[in-house]
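Trainee: Handing you a structure now.
The values are calculated or read from the model by the stated rules, or taken from the named source; none is laboratory data. Keep in mind that what you see is a predicted model, and the values were worked out from it rather than measured. Side chains are part of the model used for accessible areas, which takes the heavy atoms of the whole protein and leaves out ligands, DNA and RNA. Shrake-Rupley method; radii C 1.70, N 1.55, O 1.52, S 1.80 Å.
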Amino acid sequence: MVRRVVVMVSVGAMLGCGTADERVPDQPPADAVPALETVESRELSTVDSASLATVRGAADALGKGLMTALLGQLESGGPPAALAFCADSAQTLTARYQQEGLDVHRTSLKVRNPRNAPDSVEVRVLDALAAQHAAGTLPPEYVEIRRLGTGTRELRYFRPIQVQQGCLTCHGAVDAIAPGIQSVLAERYPDDAAVGYAVGDLRGVIAVRRALPE
């Protein structure tokens, strides 16, 4: 049995290879909850505020941690250095934010690194968010409470990532990506699908998963 709860608040999100014009979201306030689809507000009320704060905080920390590292690489070595960081160090840095009972990572329907491929729940949510984005109603965050076969519950939190101008250096139209970067991408990611984006496109999500007490 799955209960779906949607939380919409005012926040921006952006992650990936980029530059200083990228915005890292602040933690959203835990207030009004308009519906993306049917809202089970009584189910949301069973989630303690500490759990919601934890998943939001994890999304904040991962986004800011990766952005700080990427900006440092861009300043010191330009896009090639940032791309090398994405290939060699981003996964290691992401692992630092894992905690007992908590998983936090990035995923997308068009991944560059196959280790970021979405699971079945994430595919469904990404498809739904893509439809909302196309309709101009993309929510800044989405929360889903799932009841598992073991009788336990888990909180699935998703924060959309939208493409900013700086992302296009490595994620834009293929013919607009510098030849040197294309060469690195072809070498490191022969099955790369994370290109062809425009500013404002839905790049993917920061996804957080947390076990909930009964």
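Trainee: Rounded to whole Å and sorted largest first, list the principal axis extents of the Cα atoms in segment 69-132.
Mentor: Computed over the Cα atoms, the extents are 38, 31, 19 Å.
Trainee: So, one more: Leaving ligands, DNA and RNA out of it, work out the accessible area of TYR189 with a 1.4 Å probe and give it in Å² to the nearest 10.
Mentor: 20
Trainee: Ok, one more. Ratio of alpha-carbon Rg to the 2.2 N^0.38 Å globular estimate for segment 40-171, to two decimals, please. Can you show the working numbers first?
Mentor: Values: Rg = 16.4 Å, N = 132, 2.2 N^0.38 = 14.1 Å.
After normalising by residue count via 2.2 N^0.38 Å, the value is 1.16.
Trainee: Now for a separate question. How big is segment 117-168 in terms of Cα radius of gyration and Dmax, in angstroms?
Mentor: 13.5, 45
Trainee: Based on C-alpha coordinates, I'd like the Rg and Dmax of segment 99-201, in Å.
Mentor: 16.1, 53
Trainee: Using a 1.4 Å probe and counting only protein heavy atoms, arrange ARG124, ARG96, ARG156 so the residue with the most accessible area comes first.
Mentor: Details: ARG124 80, ARG96 175, ARG156 5 Å².
Sorted descending by solvent-accessible area, the residues read ARG96, ARG124, ARG156.
Trainee: Mean separation of Cα pairs under 8 Å and 6+ residues apart, divided by the residue count of segment 91-214: what relative contact order is that in percent?
Mentor: Values: 188 pairs, mean separation 44.9, N = 124.
Result for segment 91-214 is 36 percent.
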